[in-house]
1. Under the definition of Cα pairs under 8 Å and six or more residues apart, what whole-number percent is the relative contact order of the stretch A:357-499?
2. With charges only on Cβ, +1 for K and R and -1 for D and E, what is the dipole size of the protein assembly as shown about its Cα centre, in debye, rounded to 20?
3. Identify, among A:A304, A:L359, A:L293, the residue whose Cα sits farthest towards the positive end of the charge dipole of the stretch A:282-405, taking +1 on the Cβ of Lys and Arg and -1 on the Cβ of Asp and Glu, with the dipole about the Cα centre.
4. Just the C-alpha atoms of the stretch B:357-499: what Rg/Rh do they give, with Rh taken as the Kirkwood radius?
5. So, taking all protein chains as they sit and a 1.4 Å probe, how much accessible area belongs to B:R246, in Å² rounded to tens?
6. Given labels modelled 7 Å from the Cα in the Cβ direction, how far is it in nm from A:A282 to B:E429?
7. What accessible surface, in Å², does a 1.4 Å probe find on B:I283, ignoring ligands, DNA and RNA and rounding to the nearest 10?
8. Shape verdict for the stretch B:261-383, please, from the Cα gyration tensor: rounded (a/c under 1.5), prolate (a/b greater than b/c) or oblate.
Number of protein chains: 2
Amino acid sequence: MKNLTRRDFVMGSTALGLVLAAREGLAVGDDRALIYREAERRHDESLQRLQDWIRTPTIAAEGRNVEEGCAQMMRLLGEAGFQKVERMPTDGVPGVFATLDAGAKRTIGVYFMYDVKQANPDEWSSPPWDAKLVDMPGVGRVVMGRGAVNQKGPQSAFLAALHAFRAAGRTLPVNLVLVAEGEEEIGSPHFAQVVRAPAPLAMLAKTEGVFMPFASQGLDGNITINLGAKGIVELELIASGERWGRGPGKDVHSSLRATLDSPAFHLVQALNSLVTADGDPAIDGLTDRVRPLPAADRALLDTAARRLDEATWKKSYSVQRFAHDADFRTALENLVSKPTVNIEGLVGGYTGPGGMTVLPTKATAKLDLRLVPDMTYEDTIAKIRAHLEKRGFGDLEVKVGGGYDPTTTRADARLVQSQAAVYRAAGVEPVLWPRLAGSWPGYLFTGAPLELPAGHFGLGHGARAHAPDEYYLIESQNPKLAGFDAAVKSYVDYLYQLA
Amino acid sequence: MKNLTRRDFVMGSTALGLVLAAREGLAVGDDRALIYREAERRHDESLQRLQDWIRTPTIAAEGRNVEEGCAQMMRLLGEAGFQKVERMPTDGVPGVFATLDAGAKRTIGVYFMYDVKQANPDEWSSPPWDAKLVDMPGVGRVVMGRGAVNQKGPQSAFLAALHAFRAAGRTLPVNLVLVAEGEEEIGSPHFAQVVRAPAPLAMLAKTEGVFMPFASQGLDGNITINLGAKGIVELELIASGERWGRGPGKDVHSSLRATLDSPAFHLVQALNSLVTADGDPAIDGLTDRVRPLPAADRALLDTAARRLDEATWKKSYSVQRFAHDADFRTALENLVSKPTVNIEGLVGGYTGPGGMTVLPTKATAKLDLRLVPDMTYEDTIAKIRAHLEKRGFGDLEVKVGGGYDPTTTRADARLVQSQAAVYRAAGVEPVLWPRLAGSWPGYLFTGAPLELPAGHFGLGHGARAHAPDEYYLIESQNPKLAGFDAAVKSYVDYLYQLA
């Protein structure tokens, strides 16, 4: 996922674990007790399924295991009870469309991603493709590997819930329509071709909303429900002597700088024009479409600011000061409401140790921009191009990656209220958060023509998405955190709640 | 060498080869004929010595073969007839000080470097450490490897000349004082500790000047004599959240950009302040000490601009336009007379394929600045620091690499006049060039306290210093280009000329 996981930036304090423990003894419907028991009995099999999945990474940026990953995704869905599982060809990595007709009244949409972010094994304490079980003090036994939390762990817990229903001989209380993609980590450039194909679109239109399985708990057990997400544009800005018609057409000795222009400085000057002295977006017209934050969202932020701990927040990101030296409440509001221009990476010329007297012909900046309502992906790209053109940087190559429009879901949607109900039943009062500062392709569900509620759900804990030593909690040693089986049960509960 | 080799940017047209060929039949002194013959007889042995040397690369930036390279340098000098060869410890890689007392009237200084630039074997058509012989159409048989032309090839040719004197039983016509270093490719940060140590300094003071063996010929056979060189400062500018006290103290998810400052943009803004909109240096006070180009130098440029071919020049660097859309004569003058600020490389955050939604805590720019008289290395660094401090970038780490002051040598110095005489005798009218746009540590010889003439000498051809497939010509198939034996003989001639 391209989002900052909720657990990463919302922290509070509840005593989920005690409630969870107590709950085991509660009287639940016989059906549900049976399903819970099957989930527990099949723990090893479910874990094995997750580990196998991590060991076959699909990485769109590297073209790795694309067909294998798609076939595996289809097999996993078929085994979990989806009656119809279709490969959906796109102009890129194929997607998957699957339906599970339980003869139920209500139908729920599910979003899956089967790809994972790249990983550099040198940086990991346990190899990213080994999916080993590792003991983390204060947390428990986790599965460590790329994709563990983002998103194979939570998705495996959801699949395990479906297996438990089947094993218990119980029919799902809702019908399911699932769409999956293998390009989430590169910005879902072709996922619209899956969602908007006639059959998935018609079936998704019958759903009450779409959710993505998710490990919602922070290390303190706290849970946030996001009522939307920012959009994103990822792109590379590439300055080159060849396109510019200035500077060298190949890397040359740096002494020539005295009479040749520098594409790298040309890039620096273009980048400099994208932000104010304070680092805020300065792209012409970028904020024209930005809607002011609604009063209701500001009220949610007031509550969140009271519940969250500034010192803990800052410590977790090694932050000394917020931008603009903002206070915590303002910093949280900025997180939710401000568009951004970010440099993900800079690369040009000599990048090894020490120096190398070269005048490079090319330099690249990898950027991402986060969008708030009513900015759009397409309009933002057009504005960047116009801005560069107007300022003498029209020669720069704007290599657009994937991205999404922002999403919004109403707090009173049943999809959201059902999540809150399950969390509350588990003893956690969720924090309602106006907008995830990160992004996910939910706009395909929340935007036209579907205009559905969309969000994330799931008990459970994991962390370090996109970073080394990514993990997902299997056996909890922390009373506030749900382990794998408890996560599975939360999906069982959610399906009943939605029904 | 940190210079752009002369052959790379000065091209003309002479018919050296015909003269060289004719010359073989000329009557030369009996001694010299004997020495020439020994040089030819020992061709294979000399070539083997060069290949062995390339196969043991010393790379200061990587700490590779430091002691081995120094020991090998000492052995090579001892075998060539230097009676005294001393390891010179420094705070970095050791240097070497060697003397060859021939009982002659005059004493000449020689500068050697035993290190080479880094190489990425993936980019080479023949492995950089194999030193294989390769046939290059239109050129001849070359030895290909890192250091072939920069500087082991020319230095091996000079050593071969000394071996030829010994084998012929002839005494050198001049005494030699040699200083060598193993850190030239990182900007000679400790070479002053070699040159200014009491014994070398005293011996160098007795010399008429210092020269470095060099492959002077461009592909067209043309030769340039540089009457000085620009100075250089290499440094890294490093922005980090930790030092800045703003932005994240570690790489975090890019969604946090909405409320955290960006060290990468901070770097971009600092870099942007270093140049004008046109890309010229804008560092406060940087040009205060720049002396106007003397009339004599402008006259040399007039001549050079007439002899050089603009189209060939531009083609060789894939250049469409000079900076400021300058005409050729102005472009050449800028090359010689303007200080520069160059970005060698940019590296920060995610640098792999595609994107990665990270807000990096750190970004680095590798810079080099070229200095003209009377700018100095120390003063330039002080001005960069002051400039950054004044503009709110005082938190950036300025990691200074090596560098040199600019050098100037008078055209009427015997060291220079003797070079011209040997080239003319070989049928090449050298182009006198006011100042090499590249740099070398010659300031240690031309500056106080020694204030000696210093420059480069040698027939021969090679190219691609610092680039893949670096080579040095061994057996010429081009009548305009001197092969290895002819290069060796040019050193014999030069020593006689100097005597």
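1. Answer for the stretch A:357-499 is 20 percent.
2. Dipole magnitude for the protein assembly as shown comes out near 340 debye.
3. Of the candidates, A:L359 comes out farthest on the positive side.
4. That ratio is 1.11, to two decimals.
5. 40 Å²
6. Simple spin-label model gives 5.4 nm for this pair.
7. That residue has around 10 Å² of solvent-accessible surface.
8. Values: a/c = 3.24, a/b = 1.63, b/c = 1.99.
Here the stretch B:261-383 falls in the oblate category.
The values are calculated or read from the model by the stated rules, or taken from the named source; none is laboratory data. Given the structure is predicted, the values throughout are model-derived calculations rather than measurements. Using ideal geometry, Cβ is built from the backbone for each residue, glycine included, and neighbour counts are taken over all protein chains shown. The protein model used for the area step is the full one, side chains on, heavy atoms only, and it has no ligands, DNA or RNA in it. Shrake-Rupley method; radii C 1.70, N 1.55, O 1.52, S 1.80 Å.
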